Amino acid sequence: MRLPDELEKPMEINLVPMIDVIFSILAFFIISTLSLTRLEGLPVNLPQAATAQRQPSSQITVTIKSDGMIALNREPIQLEMLAEKVRSLVE
């Protein structure tokens, strides 16, 4: 006796187990190839600087708040004085 077409379940392929198997195989190959590589490097003689001097670096921070207040390195300043102060800090 044959069941009506409405009750028949359509065939489908479940891909989740296949993806799990592929990821397991991939993890195995990654781990096994890591043990095959040598983690050795070539010895390198790097040059040393004998006469270089370290140059001092300073940061200049200009902050403009929502109410229009301007600050240079967290100190309030007028807009007219900003350019002059920045020039003096850069020098």
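Taking SER35, is it under 30 Å from the mean Cα position of the chain (by Cα), part of a helix (DSSP H, G or I) and modelled with pLDDT under 85?
Yes, satisfied.
I'm trying to understand the selection: among the residues of region 9-32, which are among the polar types (S, T, N, Q) and assigned to a helix (DSSP H, G or I)? Outline the logic, then answer.
Step one: list which residues in region 9-32 are among the polar types (S, T, N, Q), which gives 14, 24, 32.
Selection gives SER24, SER32.
Out of curiosity, is SER66 exposed (fewer than 10 other Cβ atoms within 10 Å of the Cβ), modelled with pLDDT of 90 or more and assigned to a loop (DSSP other than H, G, I, E, B)? Step through it out loud before you land on a result.
Working: exposed (fewer than 10 other Cβ atoms within 10 Å of the Cβ): yes; modelled with pLDDT of 90 or more: yes; assigned to a loop (DSSP other than H, G, I, E, B): yes.
Here the answer is yes, as SER66 does meet what is asked.
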Hey, could you check region 66-91 for residues that are within 35 Å of the chain's Cα centre (by Cα) and among the charged types (D, E, K, R) and say which is nearest to GLN55 (Cα to Cα)?
GLU91
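Let me confirm something: among GLN55, GLN48, which residue is in a loop (DSSP other than H, G, I, E, B) and within 29 Å of the chain's Cα centre (by Cα)?
Numbers: GLN48 fails: within 29 Å of the chain's Cα centre (by Cα).
Being in a loop (DSSP other than H, G, I, E, B) and within 29 Å of the chain's Cα centre (by Cα) holds for just one of GLN55, GLN48, which is GLN55.
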Consider THR51 carefully, then state whether it is out of contact with any Gly (no Cβ under 9 Å at 6 or more places or on another chain) and either of a type in the set (A, V, I, L, M, F, W, C) or at pLDDT 90 or above (or both).
no
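The values are calculated or read from the model by the stated rules, or taken from the named source; none is laboratory data. Everything quoted here is computed from the prediction, not taken from an experiment. We place every Cβ from the backbone using ideal geometry, glycine too, and count neighbours over all the protein chains shown.
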